[in-house]
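Scroll down for the structure; my scribbles are underneath it.
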Amino acid sequence: MRKAGAADSAPTPKPQDGPARAWVARLVQRRFGERPRGLQALGGGLNNHVYQLQAGGQPLVVRLHQDPGKLAVYRKEAWAMGQARKAGVPTPQVLEVGEEGGHPYMLQRLVEGIPGTQWADGNAVLRQMGELAARLHQVATQGFGPAVGGSAVPGQRSWPHWADFLDHELRVGERLGMLDRVNALPTPARQALTATLAQMRRWSRRPVLQHGDLRLKNVIVSPRDGRIVALIDWEDCLSAPPPHWELAIALHDLGPDGKEVFLEGYGLSAARFARIAPQLRALNVLNYAWAIHLALQDGQRRRAEWMKARLRGVFDVAL
């Protein structure tokens, strides 16, 4: 079973596992007045720990991090999940966010299920994801950018205007320069991109909450019927005009059939999608600009050439 909030389902011993277990035990004792039962590590990284346990008559997950700055990230995620749940989008239920022994933690109820990537009928899950994205985009927000719900995550902020977000957060001018320096786009495509971005800068649409990484790996489904029981990993959520940012990322890795069922779930017609497709393409091209830059910086010239080939449409051969 995949456990929401866990990086892996198999226990992963780590050098600092002992102190982390002690912090979790103190947290559970304070919160529930009892010691945790069945405490086991679910994974994490070098600086974070994820545990499953039983306390208070319920299965729980504790995420614990060594970086004090992670507290603001946990609070941002908790706010976003709370807003999503109010809109009818299933997420893990967060019980508490705080610090224990100087280390940020998030305590949430366990969600039983398997990753969406493991369900046999992926298109059925994608259709549900489209439906849930449409629900999520009913959550109104303020400003534009990753600092949602009063978030105080270092380096993240909210911009008063969409054009400010494009200029200062996405840094459109810098990314266009990256593309131009490596001749990534043929002239007609570069001109079309410029025209689309100029049109996007004039948007005056209201911002809404967006997950920011709505892909199969970030959904948990019931192993019985494939119903989505939780959207997880909200760290990349942001405030932006719907549906462009969300769809640009969600559709990027999907084939034609997957795109179609996701969009049908969202409620977009083929005609409507055709009208917004240039804007989705523009956002993806800008994201590729940074990826190409990093590949060249790391000496991965072959990788950069393949990414440039993608931008030129050489893979657009399937009908």
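The values are calculated or read from the model by the stated rules, or taken from the named source; none is laboratory data. A quick note: this is a predicted structure, and the numbers were derived from the prediction, not measured. Cβ sites come from the backbone with ideal geometry, for glycine too, and all protein chains shown count toward neighbours.
General observations
- Filtered by the rule that a residue be part of a loop (DSSP other than H, G, I, E, B) and either touching an Asp or Glu at 6+ places or on another chain (Cβ under 8 Å) or surrounded by 16 or more Cβ atoms within 10 Å (Cβ to Cβ) (or both), segment 25-40 gives a lone residue, 36.
- Restricting segment 179-207 to residues that are within 14 Å of residue 313 (Cβ to Cβ) and in contact (Cβ under 8 Å) with a residue 60 or more places away in the chain, the residue that is nearest to the chain's Cα centre (by Cα): 193
- Some residue of segment 253-262 being part of a helix (DSSP H, G or I), in contact with a Gly (Cβ under 6 Å, 6 or more places away or on another chain) and closer than 26 Å to residue 122 by Cα: yes
- Remark: pairs (first residue in segment 9-25, closer than 20 Å to residue 37 by Cβ and at pLDDT 70 or above; second residue surrounded by fewer than 16 Cβ atoms within 10 Å (Cβ to Cβ) and of a type in the set (Lys, Arg); Cβ separation under 7 Å; 6+ apart in sequence or on different chains) = 25/35.
- Given (1) closer than 28 Å to residue 133 by Cβ; (2) in a helix (DSSP H, G or I); (3) aliphatic (A, V, I, L, M); (4) at pLDDT below 90, index of the condition residue 81 fails: (4)
- Yes/no for residue 134 being surrounded by fewer than 17 Cβ atoms within 10 Å (Cβ to Cβ), touching a Pro at 6+ places or on another chain (Cβ under 9 Å) and modelled with pLDDT of 95 or more: no
- Among the residues of segment 245-276, the ones that are at pLDDT 95 or above and under 14 Å from the mean Cα position of the chain (by Cα) come to 7 in all.
- Count of residues meeting criterion [part of a loop (DSSP other than H, G, I, E, B), within 15 Å of the chain's Cα centre (by Cα) and of a type in the set (A, V, I, L, M)] in segment 111-152: 2
- Flag for residue 159 being more than 19 Å from the chain's Cα centre (by Cα), surrounded by 17 or more Cβ atoms within 10 Å (Cβ to Cβ) and touching a residue at least 40 places away in the same chain (Cβ under 8 Å): no
- Being touching a helix residue (DSSP H, G or I) at 6+ places or on another chain (Cβ under 7 Å), crowded, with 20+ Cβ neighbours inside 10 Å, within 30 Å of residue 177 (Cβ to Cβ) and of a type in the set (A, V, I, L, M) is true of residue 304.
- Residue 310 basic (Lys, Arg) and either more than 30 Å from residue 155 (Cβ to Cβ) or modelled with pLDDT of 95 or more (or both): no
- Hits in segment 57-84 (condition: free of Cβ contacts under 8 Å to residues at least 60 places away in the same chain and either at positive phi or of a type in the set (Gly, Ala, Ser) (or both)): 57, 78, 82
- Just one of (1) outside any helix (DSSP H, G or I); (2) out of contact with any helix residue (DSSP H, G or I) (no Cβ under 7 Å at 6 or more places or on another chain); (3) under 30 Å from residue 260 (Cα atoms) fails for residue 155. It is (3).
Yes/no per residue for (1) part of a helix (DSSP H, G or I); (2) surrounded by 20 or more Cβ atoms within 10 Å (Cβ to Cβ):
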{"position": "198", "(1), (2)": "yes, no"}
{"position": "204", "(1), (2)": "no, no"}
{"position": "209", "(1), (2)": "no, yes"}
{"position": "214", "(1), (2)": "no, yes"}
{"position": "224", "(1), (2)": "no, no"}
{"position": "234", "(1), (2)": "no, yes"}
